[in-house]
Amino acid sequence: MHLLKSFLPSTLLSAAVSATLQVVPGGTWTATNTGHHVQAHGGGVLKVGDTYYWVGEDKTNGSAFQNINCYSSTNLVEWKYEGALLSQTSSGDLGPNRVVERPKVIYNKSTKQYVLWMHIDSSNYGDAKVGVATGSSVCGKYNYKGSFRPLNFESRDMGLFVDDDEKGYLLTEDRKNGLRINLLSDDYLTVKSSTYLWKDSIEAPALLKKNGVYFMFGSKLTGWDPNDNVYSTATKLSGPWSAWKGFADSGSKTYKSQTNFVLPFGDSAIYMGDRWVSSNLMRSTYVWLPLSISGTTASMKNAVNWIPNISAGSTSSGPTENSYEGETAQLSGGAKSIACSSCSGKNAAGYIGGSNAGAVYFANVSGSVAARTTIRIKYMNGDKSERFADVSVNGGSAQRVAFLPGSGGEPDSSVLNVDLKAGENTVRVGMQEGWGPDVDRLMVPIS
Ligand SMILES: *[C@@H]1O[C@H](CO)[C@@H](O)[C@H](O)[C@H]1NC(C)=O
Ligand SMILES: *[C@@H]1O[C@H](CO)[C@@H](O)[C@H](O)[C@H]1NC(C)=O
Ligand SMILES: *[C@@H]1O[C@H](CO)[C@@H](O)[C@H](O)[C@H]1NC(C)=O
Ligand SMILES: *[C@@H]1O[C@H](CO)[C@@H](O)[C@H](O)[C@H]1NC(C)=O
């Protein structure tokens, strides 16, 4: 892996390095330092300097509050776990069997505080409050300050927005009355007044401003199940706001996701949604896609993969891929071809791991350029918890990759980011502890 660095001048390397790192919506995204799928559901992303921080809910053990986690990345693809902003306490708002959802962080330059807002609730969603906490570093420990009903109204799904004039706003779903925008106090710690109320039933709010136009995104109320999410536009936060309309393909249910955040990115923005799996919340995935914004119109197409260009603030469509079948690769240590009706070629490489340390070895994986590249392993996992494999490229040190439980019959994708050489590469997928996934095939970018 380190050979690459010594051969390339550093300028060339930095250009090549991010060339084909891709976002793969709906895949298993293994954090670089935990070996587990990223647990940051219902979250939000903020950029501090050159680093993106992703704050969201830990659903490792189901719906009740465990942690509000923080991950960091400089490329929006490789995420490192930094720690928890808040963790379960023995009692109170953050105690056992509590609901803490949709955490969002904004920064106040004058007080030099990161301010975290979140939905605080009882397990039957009867409390319907917001909670506030502050921290002096973005991914450090936060000090929980308490909860309340904003302007005495119920509040469930929520978001935050900071305008160009640095005024802060709480976006809050008030089930009895509708969706609200409330002005925050200057220190961002309390709610000052009501700015706008939609009488429509919309939750999961996220607000974006582009070229003087405000876009409010949200979903209809269908519980954990997805629906065709909608948006409304205005030139003032106090309205008038347009009628709600769809932005993803009609009937696609927003590509099976629910809005959680919209990240401004260059001339446009990135939609960040959750694909909730209510029966096993830890295996919920992230559907991130480029939004097209033009005037007062927002639209979004689905993609298997796409490329964020961080320095240019642009996105491009993902590469086409070569595929390599697991069952026809070199199988060792007990691994063998097994029948798999929904897999490509109707077979997969099974018995990876186990007491014989089964492994599958792809001897000739073609790399089109020397670059750090996102590849996908299409796999099956019939368990209710993650499986794992250690993947080694060109004989280098192995990286632990997680494989979420199957989403229902079809092979799923787990993504990993590796340094490929131009020409022939080898990829070994093995496991020493327990069973790995059944490997349907390896998907490797062509350019
Ligand atoms: C990002 O975009 C810039 C400007 O268009 C381009 O020069 C650069 O090569 C791109 N980087 C990658 C990694 O594609
Ligand atoms: C999940 O539950 C297990 C078993 O009780 C515990 O060891 C682990 O710390 C929990 N994880 C989280 C994130 O709460
Ligand atoms: C931060 O808080 C102070 C009040 O302490 C306020 O004056 C200021 O405008 C706030 N916002 C920002 C972006 O600094
Ligand atoms: C690897 O694949 C390439 C392209 O298919 C082929 O030209 C080459 O001979 C193969 N090398 C080996 C060692 O199989």
query = Whose amide H sits under 5 Å from the amide H of residue 175, counting only residues 5 or more places off or on another chain, with H placed in the peptide plane?
reply = 156
task = Between residue 383 and residue 148, with labels modelled 7 Å along Cα→Cβ, what's the label distance in nm to one decimal, could you check?
result = 4.7
request  = Please give every one of the aspartates and glutamates within straight-line cross-link reach of residue 129, meaning a C-alpha to C-alpha distance under 20 Å, and leave out same-chain neighbours fewer than 8 residues apart.
outcome  = 57, 58, 93, 101, 121, 154, 157, 173, 174, 187, 200, 203
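For residue 64 and residue 250, what is the calculated FRET efficiency with R₀ set at 45 Å and r taken between the beta-carbons, to the nearest 0.05? Working shown, then result.
On the way: r = 35 Å, r/R0 = 0.79.
FRET efficiency, residue 64 to residue 250: 0.80.
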ask   = Just how far, in whole angstrom, is the stretch 269-292 from the stretch 130-189 if you go by their alpha carbon centroids?
value = 22
query = What trypsin sites (Lys or Arg not before Pro) does the stretch 200-295 have in DSSP loop regions with at most 12 other beta carbons within 10 Å?
reply = 236
note = Residues meeting the amide H criterion for residue 314 (H placed from the backbone, H to H distance under 5 Å, 5 or more places apart or on another chain) are 309
note = Sorted by chain and number, the residues with a modelled amide H under 5 Å from that of residue 27, at a separation of 5 or more or across chains, are 286
message = Between residue 336 and residue 221, what's the calculated FRET efficiency when r is the beta-carbon distance and R0 is 41 Å? Round to 0.05.
response = 0.30
ask   = What spacing in nm lies between the two simple spin-label points modelled at residue 80 and residue 297, each 7 Å away from Cα in the Cβ direction?
value = 4.2
ask   = Each residue of the stretch 363-374 in turn: what ³J(HN,Hα) in whole Hz from Karplus with 6.51, -1.76, 1.60 and θ = phi - 60°, glycine and Pro shown as x?
value = 7, 9, 9, 7, x, 7, 9, 6, 6, 7, 9, 8
ask   = What size of dipole, in debye to the nearest 20, comes out for the stretch 21-317 about its Cα centre when the only charges are +1 on Lys and Arg C-beta atoms and -1 on Asp and Glu C-beta atoms?
value = 200
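First measure r as the distance between the Cβ atoms of residue 236 and residue 32, then evaluate 1/(1 + (r/R0)^6) with R0 = 45 Å and state the FRET efficiency to the nearest 0.05.
Working: r = 43 Å, r/R0 = 0.95.
That gives a FRET efficiency of 0.60.
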query = How big is the stretch 21-317 by the Kirkwood estimate over distinct Cα pairs, in Å?
reply = 18.9
ask   = Tell me, what ³J(HN,Hα) does each residue in the stretch 41-51 have, in order and in whole Hz, if you take phi through Karplus 6.51 cos²θ - 1.76 cosθ + 1.60 with θ = phi - 60° and put x for Gly and Pro?
value = 7, x, x, x, 10, 10, 9, 10, x, 9, 10
ask   = When the chain is modelled as a GNM with alpha-carbon springs shorter than 10 Å, which of 233, 89, 374 fluctuates the most?
value = 89
task = Please name whichever of 37, 148, 422 sits farthest to the positive end of the charge dipole of the chain, dipole taken about the Cα centre and charges placed at Cβ: Lys and Arg +1, Asp and Glu -1.
result = 148
Distance between modelled label sites at residue 87 and residue 165, nm, 7 Å Cα→Cβ extension = 4.3
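Which trypsin sites (Lys or Arg not before Pro) in the stretch 403-446 sit in a loop by DSSP (not H, G, I, E or B) and have at most 10 other Cβ atoms within 10 Å of their own Cβ?
Details: sites: 421, 428, 441; in loops: 421.
Passing both the DSSP loop test and the Cβ count: no residue.
Counting helices only, and only those DSSP H runs with n ≥ 4, report the 222 nm mean residue ellipticity of the chain as the sum of -39,500 (n - 2.57) divided by its residues, in deg cm²/dmol to the nearest 500.
Values: 3 runs with 17 residues, N = 447.
Calculated from helices alone, the mean residue ellipticity at 222 nm is -1000 deg cm²/dmol.
Take every Cα-Cα pair in the stretch 221-376 and report what % of them are more than 18 Å apart.
Working: 8655 of 12090 pairs.
For the stretch 221-376, the fraction of Cα-Cα distances above 18 Å is 72 percent.
With a probe of 1.4 Å, find how much accessible area the stretch 21-317 has per residue, and write the answer as a whole number in Å². The partial results should precede the final answer.
Working: 11330 Å² over 297 residues.
Per-residue accessible area for the stretch 21-317 comes out at 38 Å².
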message = With just the Cα atoms defining each centre, how far is the stretch 98-121 from the stretch 375-447? Give it in Å.
response = 35
query = When only C-alpha pairs under 8 Å and at least 6 residues apart count, what is the relative contact order of the chain, in percent?
reply = 14
request  = Report ³J(HN,Hα) in whole Hz for each residue of the stretch 202-219, in order, from the Karplus equation J = 6.51 cos²θ - 1.76 cosθ + 1.60 where θ = phi - 60°; Gly and Pro get x.
outcome  = 10, 10, 6, x, 8, 10, 10, 10, 9, 6, x, 10, 8, 10, 9, 9, x, 10
task = Keeping the other protein chains in place, figure out the carbon and sulfur percent of the accessible area of the chain, with a 1.4 Å probe.
result = 49
ask   = For the stretch 321-445, what's the relative contact order in percent, using C-alpha pairs closer than 8 Å and at least 6 residues apart?
value = 38
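Please compare each pair in 176/220; 256/384; 80/145; 109/167; 167/236; 112/141 to a cut-off of 18 Å on the Cα-Cα distance and tell me which ones are over it. Spell out each step's value before the answer.
Values: 176/220 15 Å; 256/384 21 Å; 80/145 27 Å; 109/167 12 Å; 167/236 13 Å; 112/141 15 Å.
Exceeds cut-off: 256/384; 80/145.
The values are calculated or read from the model by the stated rules, or taken from the named source; none is laboratory data. As the structure is a prediction and not an experimental result, all values here were calculated from the model. Glycine also receives a Cβ, built like all others from the backbone with ideal geometry; neighbour counts cover every protein chain displayed. Ligands, DNA and RNA are excluded from the accessible area calculation, which covers all protein heavy atoms including side chains. Shrake-Rupley method; radii C 1.70, N 1.55, O 1.52, S 1.80 Å.
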